[in-house]
Amino acid sequence: MIAISLKNLDVSYGTTKVVEGANFDVAEGESFALVGESGSGKSTILKAIAGLAPDWTGEISVLGERRGHGVDHAFATRCQMVFQDPYGSLHPRKSVDQVLSEPLKIHGLGNRDQRVEEMLAAVGLDRRFRYRYPHQLSGGQRQRVAIARALMLEPKVMLLDEPTSALDVSVQAEILNLLKKLRREQGLTYLMVTHNLPVVSFMCDRMAVMNKGRIVEIAPASALHDGSFSDPYTQSLYAASGGNPDRKD
Amino acid sequence: MTSEKTQAPLLDLQNLRVSFPTPKGRVDVVKGLSFTLGRERLGIVGESGSGKSMTGRAILRLIRRPGVQQADRILFDGIDLQSLSERKMRDLRGARISMIMQDPKFSLNPVMTIGDQIAEALKTHERLARSAVKSRVLEMLHAVRINDPERVVTLYPHEVSGGMGQRIMIAMMLIPRPDLLIADEPTSALDVSVQAQVLDLIDELVREKGMGLILISHDLNLVARYCDRILVMHAGQVVESCAAADLHKATHPYTRGLLAAVPRMEETRDELPVLDRSTWSGT
Amino acid sequence: MTMTDWLLADSPSSRLQASLGNGYRMLRMLMRNPLTVIGALILLALILAAMFAPWIAPHSPLGQNLGQRLLPPSAEHWMGTDELGRDIFSRVIYGARITLLIVALVAVISAPLGLLIGAISGYFGGWVDKVMMGITDVFLSMPKLILALAFVAALGPGIENAIIAIAITSWPAYARIARAETLTFRNSEFISAMRLLGASHTRIIVGHVLPLCTSSMIVRVTLDMAGIILTAAGLGFLGLGAQPPLPEWGAMISRGRAFILDQWWVATMPGFAIIIVSLGFCLLGDGLRDVLDPKQGGKS
């Protein structure tokens with residue numbers, strides 16, 4: 001089954017088109033990366049799928065259902081998002097417990113106490129963090145809370161917007177391991193935006209490379225091992241990221 | 001660069017400490033750091049909170065209160081920086097030691113044209129005729145590979161891209177011809193392709209002018225590529241000091257852990273090794 | 001484990017402990033500033049005076065004694081007596097009730113109103129913002145006292161109408177602040193995250209936007225209290241606020257004006273009360289700002 005499908009997606013902010021003619025399908029259970037430099041429109045695609053960039057034309061389907069242009073209640077239980085900045089994605093005045101209970105309250109789900117405890121364990125946070133506030137947590141711990149919040153409603157599709165780019169390398173490794181473990185355990189589908197090719201190599205099965213709002217190439221992540229890309233932009237990005245050092249310019 | 005080792009070092013730093021007050025008493029963020037630097041390229045690597053940025057600032061005596069810095073010795077080219085008056089220190093900053101910060105957006109004055117800002121940096125340290133200033137500015141912008149300097153000097157900071165902004169910062173910092181350049185995460189706000197261009201540029205200018213460079217970054221591989229020597233900092237202390245070429249032979253478990261935790265382009269591992277922080281926390 | 005340890009624990013074990021701990025930390029920060037403590041003490045004294053007025057005041061605030069009119073301060077009458085022989089000290093103490101009533105009601109009416117309008121306006125933006133801020137600007141552009149005068153003139157003089165008039169004229173400033181505050185985080189990721197979780201706009205505004213605006217609002221309201229007291233006193237002075245024989249401070253000054261050259265205490269004593277209470281609110285407001293709203297505070 002196809003988890004995410006985009007057909008001829010154009011997204012604009014005001015009068016400028018940020019994404020033009022994006023087409024790809026992500027299979028259920030797959031981990032798919034959107035790669036590109038800043039301004040390439042990769043985050044915008046994620047926002048359009050989530051409903052945060054409503055000014056788009058084309059077709060977006062998630063788990064076989066056509067997406068509307070806004071945010072809706074039922075969609076929330078199927079698809080969630082993790083943001084880039086662990087410092088901006090948590091409400092500064094709410095404790096971890098409040099952050100994790102909120103999605104359950106919104107959807108009227110019971111047994112909150114136990115669910116929160118279980119989720120904390122699943123993302124590797126000790127119970128003593130439960131009543132702490134964001135300012136008492138490190139960047140990595142905050143990102144674990146953000147991941148836990150996204151998983152509270154047991155979605156099948158996760159949109160990851162540069163989930164580790166604001167973190168230190170050692171913490172990045174922990175979060176990447178966690179994301180990989182969660183995907184395996186819960187059978188999640190990932191659509192991940194990143195500019196870091198080695199992270200794609202570790203996390204993803206396939207990747208789409210974007211440049212100036214267009215997808216220039218879709219390739220398997222294994223192409224990163226030998227640099228077998230057909231598009232010149234992808235090749236230059238690959239070289240700049242430290243792949244195939246003899247090609248460095 | 002090894003041939004110049006016989007001269008007196010450009011920078012000699014002994015037992016530097018930087019501390020900040022917290023509700024639980026003063027905490028040292030840099031705990032007794034010592035190194036000497038010739039006209040070479042030194043990399044300081046560490047994660048956030050390791051004290052690497054504070055080290056860079058302390059050399060320029062830019063630690064803001066309530067932070068306090070002290071050291072047994074900070075000698076720059078034979079000058080004792082600690083006993084220098086604040087006025088003399090100001091003359092030295094920029095003219096002989098320059099610093100490039102992380103994000104050009106916050107370092108450039110938004111209401112001044114780029115040309116004026118670079119000229120300002122030059123005029124505060126040297127007296128020059130107006131035409132000489134203009135030609136030096138254009139020459140410098142040309143040196144940082146800006147194609148049409150005549151147009152760029154009339155622009156305001158918000159009209160240029162991040163990569164160009166950082167190149168302008170570099171031009172501003174290098175125009176008074178300093179002896180030592182401190183670059184604190186100069187490229188982490190930039191895209192990978194621009195990153196390489198900016199670092200290549202810094203590298204080329206440093207080599208050409210025979211300056212000393214301190215490159216502060218969290219990225220081990222990047223520092224290894226652009227420096228001669230590397231200091232790895234953790235929790236305010238240097239845990240490893242080695243030649244850049246020997247980085248992969250690093251012995252300290254922290255350095256090894258950091259190296260292993262970085263995903264590789266041809267990744268085949270199923271799980272990334274995670275730092276076990278308990279093993280060296282005693283050191 | 002002592003009480004303090006329990007309150008300051010790094011990893012609280014229940015919701016209650018976490019919020020109590022937060023409150024305790026804030027209180028400790030407040031208490032570090034001596035001026036804030038002075039302000040808090042002044043307000044505490046005001047509240048106590050209002051609560052226990054019948055026990056504190058030595059005489060009736062309304063009882064006239066024409067044989068003892070316009071006596072200077074003495075052991076019997078600490079602040080002297082007025083032109084009808086009423087004990088000024090007793091009247092000042094009872095006046096605390098009226099002042100407190102005005103201050104509390106104005107805060108209860110205008111702060112939530114301003115907060116809600118500002119938050120809605122900032123959160124939705126677009127035409128909602130334009131319309132609401134347009135209305136706010138109309139109110140904001142009129143001088144406070146004049147507008148209050150117009151309202152009182154329309155509604156008739158009296159303490160209730162004075163309160164309504166002051167409340168109606170003071171909310172626009174709060175709406176502006178709440179809107180500005182909301183704009184700084186309306187596009188932040190934690191709000192987006194809530195939208196994606198399926199939360200309704202009402203839920204986001206009430207549960208997530210308002211709590212972030214309240215701290216700057218508390219600070220602002222506290223600082224404005226001095227102005228509100230002065231406006232109330234001004235209305236009283238002009239004869240449009242509290243009506244005689246109610247011991248409202250502004251009205252007392254107004255009456256004392258006739259004797260200001262020969263019997264200075266009649267106008268001066270309630271004047272002191274106004275100054276001290278205003279000062280108390282200002283000091284407390286400054287302290288609160290340093291704790292609740294560090295980005296605007298003078299000290300870093």
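The values are calculated or read from the model by the stated rules, or taken from the named source; none is laboratory data. For clarity, every value in this text was computed on a predicted model and none was experimentally measured. Counting neighbours? That spans all protein chains shown, and the Cβs are built from the backbone with ideal geometry, glycine included.
Scanning for something out of contact with any Lys or Arg (no Cβ under 8 Å at 6 or more places or on another chain), within 12 Å of chain A (Cβ to nearest Cβ) and not in a helix (DSSP H, G or I), does region C:222-239 turn up at least one residue? Looking through region C:222-239, none of the residues is out of contact with any Lys or Arg (no Cβ under 8 Å at 6 or more places or on another chain), within 12 Å of chain A (Cβ to nearest Cβ) and not in a helix (DSSP H, G or I).
Here's the yes/no breakdown for (1) crowded, with 23+ Cβ neighbours inside 10 Å; (2) over 21 Å from the mean Cα position of the chain (by Cα); (3) of a type outside the set (A, V, I, L, M, F, W, C):
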| position | (1), (2), (3) |
| --- | --- |
| C:L212 | no, no, no |
| C:L235 | yes, no, no |
| C:G271 | no, no, yes |
| C:D290 | no, no, yes |
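Consider A:S40 carefully, then state whether it is more than 11 Å from chain C (Cβ to nearest Cβ) and in contact with a Cys (Cβ under 8 Å, 6 or more places away or on another chain). No; evaluated as a whole, the condition is false for this residue. Checking the structure you have, find out if any residue of region B:147-159 is of a type outside the set (G, A, S) and within 14 Å of chain A (Cβ to nearest Cβ). Scanning region B:147-159 turns up no residue that is of a type outside the set (G, A, S) and within 14 Å of chain A (Cβ to nearest Cβ). For region A:115-154, a tally of residues being within 23 Å of A:R184 (Cβ to Cβ) and either part of a helix (DSSP H, G or I) or among the hydroxyl-bearing types (S, T, Y) (or both) returns 19. Looking at B:A196, is it of a type in the set (A, V, I, L, M), crowded, with 21+ Cβ neighbours inside 10 Å, under 20 Å from the mean Cα position of the chain (by Cα) and at pLDDT below 90? Yes: the conditions hold for B:A196. Scan region B:97-133 for residues that are more than 17 Å from B:M169 (Cβ to Cβ) and buried (at least 17 other Cβ atoms within 10 Å of the Cβ) and the total you get is 1. Flag: A:E118 does not match the condition of being more than 9 Å from chain C (Cβ to nearest Cβ), modelled with pLDDT of 90 or more and in contact with a His (Cβ under 9 Å, 6 or more places away or on another chain). Taking residues in region C:11-30 that are at the interface with another protein chain (Cβ under 8 Å from one of its Cβ atoms), and partners anywhere that are surrounded by 14 or more Cβ atoms within 10 Å (Cβ to Cβ) and assigned to a loop (DSSP other than H, G, I, E, B), the pairs with Cβ atoms closer than 6 Å and at least 6 places apart or on different chains are C:P12/A:Y131; C:A18/A:S95; C:A18/A:Y131; C:A18/C:P12.
Sub-7 Å Cβ pairs linking a first residue in region A:218-233 that is closer than 16 Å to B:T268 by Cβ to a second residue that is among the β-branched types (V, I, T), at least 6 apart or interchain, are A:A221/A:V200; A:L224/A:V200, ordered by first then second residue. One residue alone among A:L178, A:L237 is away from chain C (no Cβ under 14 Å), surrounded by 17 or more Cβ atoms within 10 Å (Cβ to Cβ) and under 30 Å from C:N22 (Cβ atoms), and that residue is A:L178.
Filtering region A:194-212 to residues that are under 18 Å from the mean Cα position of the chain (by Cα) and either on the phi > 0 side of the Ramachandran plot or surrounded by fewer than 21 Cβ atoms within 10 Å (Cβ to Cβ) (or both) leaves A:H195, A:N196, A:P198, A:D205, A:R206. Restricted to region C:170-194, and to residues there that are surrounded by fewer than 18 Cβ atoms within 10 Å (Cβ to Cβ) and in a helix (DSSP H, G or I), the residue that is nearest to the other protein chains (Cβ to nearest Cβ) is C:T184. For region C:195-221, a tally of residues being more than 11 Å from chain A (Cβ to nearest Cβ) and of a type in the set (V, I, T) returns 6.
For beta carbons closer than 9 Å, sequence separation of 6+ or different chains, a first residue in region A:121-145 that is facing another protein chain (nearest Cβ under 10 Å) and a second that is among the basic types (K, R) and crowded, with 20+ Cβ neighbours inside 10 Å, the qualifying pairs are A:F129/A:R144; A:P134/A:R142.
Touching a strand residue (DSSP E or B) at 6+ places or on another chain (Cβ under 6 Å) and either under 30 Å from A:L159 (Cα atoms) or among the aliphatic types (A, V, I, L, M) (or both): is that true of C:L147 in this structure? Considered against the rule, which asks whether it is touching a strand residue (DSSP E or B) at 6+ places or on another chain (Cβ under 6 Å) and either under 30 Å from A:L159 (Cα atoms) or among the aliphatic types (A, V, I, L, M) (or both), C:L147 comes out as no. Scanning region A:76-101 for residues that are free of Cβ contacts under 8 Å to residues at least 24 places away in the same chain and more than 7 Å from chain C (Cβ to nearest Cβ) yields A:Q98, A:S101.
For C:P245, are the conditions met, namely being of a type outside the set (K, R), at pLDDT below 85 and in contact with a Pro (Cβ under 9 Å, 6 or more places away or on another chain)?
yes
Going residue by residue through region A:13-32, is there one that turns out to be surrounded by 18 or more Cβ atoms within 10 Å (Cβ to Cβ), modelled with pLDDT of 90 or more, outside any loop (DSSP other than H, G, I, E, B) and within 14 Å of another protein chain (Cβ to nearest Cβ)? Yes, region A:13-32 has at least one match. State yes or no: is A:S201 of a type in the set (S, T, Y), over 11 Å from A:L34 (Cα atoms) and in contact with a helix residue (DSSP H, G or I) (Cβ under 6 Å, 6 or more places away or on another chain)? Criteria met by A:S201.
Restricted to strands (runs of 3 or more DSSP E) entirely inside region B:171-283, those with at least 2 residues that are hydrophobic (A, V, I, L, M, F, W, C) and within 14 Å of chain A (Cβ to nearest Cβ) are B:229-234. Does B:R167 meet the test of being of a type in the set (D, E, K, R), buried (at least 19 other Cβ atoms within 10 Å of the Cβ), more than 14 Å from every other protein chain (Cβ to nearest Cβ) and not in a strand (DSSP E or B)? Spelling it out, B:R167 is indeed of a type in the set (D, E, K, R), buried (at least 19 other Cβ atoms within 10 Å of the Cβ), more than 14 Å from every other protein chain (Cβ to nearest Cβ) and not in a strand (DSSP E or B).
Of the helices (runs of 4 or more DSSP H) lying entirely inside region B:1-107, those containing at least 1 residues that are acidic (D, E) span B:86-95. Residue count for region C:241-296 satisfying the condition of being assigned to a helix (DSSP H, G or I) and not aromatic (F, W, Y): 34. Candidates in region A:146-170 are the residues that are touching a Gly at 6+ places or on another chain (Cβ under 9 Å) and facing another protein chain (nearest Cβ under 8 Å); of these, the one that is modelled with the highest pLDDT is A:L153. Looking across region A:44-73 at every residue that is assigned to a helix (DSSP H, G or I) and within 8 Å of chain C (Cβ to nearest Cβ), the one that is nearest to the chain's Cα centre (by Cα) is identified as A:A50.
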